[in-house]
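Student: Take this structure first; my questions come after.
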Amino acid sequence: MQQKVGIIGCGHVGSDVAFSLVTQGICTELVLVDQNSEKASSEAMELRDMLSATHAYTKVISGGYELLRDASVIVMAIGPTTLLEKDRMEELKETSAAVRSIVPKVMQTGFNGIFINITNPCDVITQIIAKESGLPKRQVFGTGTSLDTMRMRSALGEHFQVSPKSISGYVLAEHGESQFIAWSGVKVGTKPALELLSLEERAEFKEKVRARGWNILLGKGWTSFGIATAAARLIAIIHDDAREVLPISVYDESEGVYAGRPAVIGRDGVCQILPLEQLTTEEEKLYQASCGVIKQAFSTVYTK
């Protein structure tokens, strides 16, 4: 499989995705594209300056959309020009317009790889990319609640003083304010979290996970390490055809929207969307309500 990756948008997030890919040797060729071509060129140059110290060689270049024609994966990582205050949906008008301008230009090159979306609001923008590209839905997905799940595992790991890798379970639905922790499937080691945490404690953890990203954003002005790591992992899974299960933003046929839920990822993108059989009745309602939030937001910017 061709291991060429393109990143559109060289802000904090796009640049950190690029750094992760090069330092981990995840791709053989990396193309950086940004409306500020000088910035993309400078980012590429700095990444090339690292190559004598990395464990694998990566060809790193910058340029226009024409260089993305034969990429295996393109990461959409454009960001807003203003700092968010309350909700990722604040970005929607700006980022949706940018994406609707960019995607047709990419598709005109003959691109037929996989789109991974990071741009917020993640679920809505992922659906716009799917609509504008015309690619099969298995080839278009977003990072979704993979980062939120990482944050949940980190918070619970800190609380129980175990590695976050010892926490299983997912945050589901919107990568945003209506997301929820599916406690019915969360375990600390082999112990169900429902047996370890009270209702009040679970409510506190939901708020901690939701606020974690905002606290980072307000403290340093952006968030990038976590989402860049999540995106790099997804690309590695695709290139290795590893068929791992992660909660990503995929198209839910029954709800008619892209939303965060567990899916099998491999060389062809989304290999299988897993059923949400373990959810309680209350969790099913939370999932449907969150999908409603996403659907409403999508309808405000996309009528085509």
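Student: Please count how many residues of region 25-49 are farther than 24 Å from Asp240 by Cα and hydrophobic (A, V, I, L, M, F, W, C).
Tutor: Selection size over region 25-49: 4.
For (1) under 30 Å from Arg210 (Cβ atoms); (2) at pLDDT below 95; (3) outside the structural domain of Val293 (by TED's automatic domain parsing); (4) not in a loop (DSSP other than H, G, I, E, B), each residue gets a yes or a no:
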position	(1), (2), (3), (4)
Ser41	no, no, yes, yes
Glu46	no, no, yes, yes
Tyr57	no, no, yes, no
Val60	no, no, yes, yes
Val75	yes, no, yes, yes
Gly79	yes, yes, yes, no
Thr82	yes, yes, yes, no
Lys86	yes, yes, yes, no
Glu94	yes, yes, yes, yes
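Conditions tested, residue by residue: (1) under 29 Å from Ser299 (Cβ atoms); (2) assigned to a strand (DSSP E or B); (3) in contact with a strand residue (DSSP E or B) (Cβ under 7 Å, 6 or more places away or on another chain); (4) among the basic types (Lys, Arg).
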position	(1), (2), (3), (4)
Val99	yes, no, yes, no
Thr109	no, no, no, no
Asn112	yes, no, no, no
Thr126	yes, no, yes, no
Ile129	yes, no, yes, no
Arg138	yes, no, yes, yes
Met150	no, no, no, no
Gly157	no, no, yes, no
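Student: Across region 159-201, what is the number of residues that are assigned to a helix (DSSP H, G or I) and of a type outside the set (Lys, Arg)?
Tutor: 13
Student: Condition first: β-branched (Val, Ile, Thr) and either surrounded by fewer than 19 Cβ atoms within 10 Å (Cβ to Cβ) or not in a helix (DSSP H, G or I) (or both). Now tell me which residues in region 202-253 satisfy that. First the steps, then the outcome.
Tutor: Step one: filter region 202-253 for residues β-branched (Val, Ile, Thr), giving 209, 216, 223, 227, 229, 235, 237-238, 245, 248, 250.
Across region 202-253, the qualifying residues are Ile216, Thr223, Thr229, Val245, Ile248, Val250.
Student: Still on this structure: Hey, any hits in region 208-215 for a residue that's farther than 27 Å from Phe298 by Cβ, without any contact (Cβ under 8 Å) to a residue 24 or more places away in the chain and among the charged types (D, E, K, R)?
Tutor: Scanning region 208-215, I find no residue that is farther than 27 Å from Phe298 by Cβ, without any contact (Cβ under 8 Å) to a residue 24 or more places away in the chain and among the charged types (D, E, K, R), so the answer is no.
Student: Go through Cys27, Cys10 for me and flag whichever is under 21 Å from the mean Cα position of the chain (by Cα), part of a loop (DSSP other than H, G, I, E, B) and under 25 Å from Ile216 (Cα atoms).
Tutor: None of the others qualify; the one that does is Cys10.
The values are calculated or read from the model by the stated rules, or taken from the named source; none is laboratory data. Because the structure is predicted, anything quoted here is derived from the model rather than measured. A quick note on method: Cβ atoms are made from the backbone with ideal geometry, for glycine too, and the neighbour counts reach across all protein chains shown.
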